[in-house]
Amino acid sequence: MTSANTVLAGKVALVTGASSGIGEATAEALAAAGAKVAVAARRVDRLEALAERIGKAGGVALRVEADVTKGGDISAMVDKVVSEWGRLDILVNNAGVMLLSPAAEAEFDDWRRMVELNLLGLMGTTKAALPHLKAAKGHIVNIASVAGRVANRSASGYAATKFGVVGFSESLRREVYADKVRVTVIEPGLVRTELGDHITNAGAKAGLDQRLATMEALTAEDIANAVLYAVSQPPRVNVNEILIRPTDQER
Ligand SMILES: NC(=O)c1ccc[n+]([C@@H]2O[C@H](COP(=O)([O-])OP(=O)(O)OC[C@H]3O[C@@H](n4cnc5c(N)ncnc54)[C@H](OP(=O)(O)O)[C@@H]3O)[C@@H](O)[C@H]2O)c1
């Protein structure tokens, strides 16, 4: 690495949802700190560009095409990382969608997509990676949301998945702390990314756009910094939860 920051030298990280937004920024931050980083998502062109950028900056990246709602893709993703680099130290479960809608107007398929990705995908990836993380005394970082702590209107389906992530993470922490595996939940408020682009409910989309237009939202790099902080602590320090809102955000 050309960077002076080598706090993660020798570590291997896997970041899901690395083709845009928070995952992309997190992969770059971990690589800049010396970790080898596997970048996973479905859009391979975006992963290719990211891996190239990381390489040009002096880092090491591995592109992994994976749909984390599919059990076979999850196993293949974890196997690929471990067969390439022989270990896994840091898993960042970041892939997610936010299909906001009032409950009465919700598309059942939108709810299904959120549960299958935000919750089941994260749980399945964790289970597949756990033997390797135990072997490495590793670290799991789950990207939840303020919506996993505060349930706002038009967010019932999304909040259900993110409250689920928070519950899963705390139970998991109690199961794995004795193996020296650390668990961190990051709970961002509004971050300017592509996340809102997929909302199918016109009113909910307009509401989000209006909130974004009237506040200085967080950047993906702000969240990447929080992930880097958590995984850079000495082994005795288990940063369990970081809730980060934009200064302008009330709820
Ligand atoms: N932006 C915010 O305000 C905010 C706030 C709180 C929490 N979060 C959370 O932060 C995480 C990242 O979101 P973001 O804001 O960075 O949004 P984003 O830019 O839309 O990124 C979402 C990522 O998830 C990936 N993804 C979607 N479906 C997938 C699938 N089936 N399999 C694998 N990867 C999949 C996407 O890649 P492909 O489409 O290429 O697969 C993309 O890389 C999410 O969990 C989100 O809930 C975001």
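Please treat every number below as a calculation from the coordinates, not as lab data. Remember, it's a predicted structure, so these values are computed and weren't measured experimentally. Here the Cβ positions follow ideal geometry from the backbone for every residue, glycine too, while neighbour counts run over all protein chains shown.
Mind checking the full-extension length gain between residue 237 and residue 104? Use 0.36 nm per residue of separation minus the Cα-Cα distance, one decimal, nm.
Contour length minus Cα-Cα distance gives 43.5 nm.
Could you tell me which residue out of 164, 215, 147 lies farthest along the dipole of segment 135-224 toward its positive end? Charges go on the beta carbon: Lys and Arg +1, Asp and Glu -1, centred on the Cα centre.
The one lying farthest along the dipole's positive direction is 164.
Helix 71-85 against the longest principal axis of the chain: what's the angle in degrees, Cα atoms only, rounded to the nearest 10?
Orientation of helix 71-85: about 30 degrees from the principal axis.
Using only the alpha-carbon atoms, how far is helix 44-56 inclined from the longest principal axis of the chain? Give it as 0 to 90 degrees, nearest 10.
Once rounded, the angle reads 50 degrees.
Under a point spin-label approximation (7 Å from Cα along Cα-to-Cβ), what is the residue 9-residue 151 distance to one decimal in nm?
A separation of 4.9 nm, rounded to one decimal place.
Beyond 21 Å between alpha-carbons counts as too far, so tell me which of 127/180; 162/205; 70/205; 56/80; 11/56; 70/137 fall in that bin.
70/205; 56/80; 70/137
Could you check which residue among 105, 48, 194 shows the biggest mean-square fluctuation in a GNM of the chain with a 10 Å Cα cutoff?
Sorting by GNM fluctuation, first place goes to 105.
How high is the relative contact order of the chain? Use alpha-carbon pairs under 8 Å, at least six apart in sequence, and give a whole percent.
20
How large is the helix-only mean residue ellipticity at 222 nm for the chain, computed as the sum of -39500 (n - 2.57) over DSSP H runs with n ≥ 4, divided by its residue count, in deg cm²/dmol to the nearest 500?
-13500 deg cm²/dmol
Of 94, 19, 81, which is farthest along the charge dipole of the chain in the positive direction, counting Lys and Arg as +1 and Asp and Glu as -1 at C-beta?
Comparing the listed Cα positions along the dipole, 81 ranks first.
Report the Cα-based extents of segment 12-243 along its three principal axes, largest first, to the nearest Å.
48, 39, 34
If you place +1 on the Cβ of every Lys and Arg and -1 on the Cβ of every Asp and Glu, how big does the dipole about the Cα centre of the chain come out, in debye to the nearest 20? Let's see the in-between values first.
Working: 29 positive and 29 negative charges, 162 e Å.
Around 780 debye, computed over the chain.
Which angle between 0 and 90 degrees, to the nearest 10, do you get for helix 122-136 versus the longest principal axis of the chain when only C-alpha atoms count?
20
Given a Förster distance of 35 angstrom, what is the FRET efficiency for residue 79 paired with residue 244, based on the Cβ-Cβ distance and rounded to 0.05?
Efficiency, rounded to the nearest 0.05: 0.60.
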